[in-house]
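Bear in mind these aren't lab numbers, they're just calculated from the coordinates by the rules spelled out. Just so it is clear, the model here is predicted, and its values are computed rather than measured. Quick reminder, even Gly has a Cβ in these numbers, built from the backbone with ideal geometry, and neighbours come from all protein chains shown.
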Amino acid sequence: MEPLTEKQIRSSFVNCTKGEAARLKLPQNFDELPWEDLDFLGWVDPGAPLRAHLVRPGADGAPVGISLRVPGTNRTSALKSSVCQICLTGHAASGVSLLVAPLAGARGREGNTVGFYVCADLACSLYLRGKRQPKLRGRAYEETLTLQERVERTLGNLDALTAKVTAGLTAGRD
């Protein structure tokens with residue numbers, strides 16, 4: 001992923017107000033992020049731990065940001081393990097969180113959301129590259145896909161999530 005500026009990040013959000021985007025806190029150590037190892041930028045807001053944010057390259061090259069909420073209760077706690085729906089990394093249940101994204105536009109203002117289970121720290125790119133290891137109960141499965149194939153699968157899953165959040169948006173409206 002190409003490095004982004006604070007202004008690019010704040011202006012990229014499609015499912016929150018400009019005021020909310022202006023108030024969000026950037027990731028800790030923002031100036032030291034390993035951009036060359038990131039397929040997208042994801043972080044839990046250090047000033048609001050029940051908020052998370054994800055910024056990914058868009059089809060036209062412009063970044064697309066999605067604001068996320070962490071529900072008050074985590075339904076994965078009863079599970080022994082779980083899998084991230086973006087990168088398919090297996091974790092102990094505490095390593096995966098249900099995140100909820102308000103839909104973009106009018107549907108989001110009406111309270112409609114989409115939820116998905118994802119790495120709790122949104123570090124999918126680092127798990128794919130072995131730069132971070134998930135905490136597991138039991139034995140991890142081993143994939144035969146190359147790193148490039150896993151990255152492409154991850155980006156495809158991220159495309160599907162982004163499409164769900166932005167469905168119904170039309171140019172010039174919302």
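Values computed for the structure shown
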item: Reachable lysines from residue 131, criterion Cα separation under 25 angstrom, eight or more residues apart if same chain; result: 25, 80
item: MRE, 222 nm, helices only [DSSP H, n ≥ 4, -39500 (n - 2.57), over the chain, to nearest 500]; result: -6500 deg cm²/dmol
item: Proxy reagent accessibility, fewest Cβ within 10 Å first, across 113, 17; result: 17, 113
item: Distant-in-sequence amide H partners of residue 64 (H built 1.01 Å from N, under 5 Å); result: 56, 58
item: Built amide H within the under 5 Å cut-off of residue 114, gap 5+; result: 101, 103
item: Ranked 141, 127, 117, criterion: other C-beta atoms within 10 Å, fewest first; result: 141, 117, 127
item: Qualifying aspartates and glutamates (Cα of each under 16 Å from Cα of residue 7; at least 8 residues distant if same chain); result: 20, 31
item: Potential extension, residue 60-residue 167 segment - 0.36 nm per residue separation minus Cα distance; result: 36.8 nm
item: Cβ-based exposure ranking for 154, 5, in which fewest neighbours within 10 Å come first; result: 5, 154
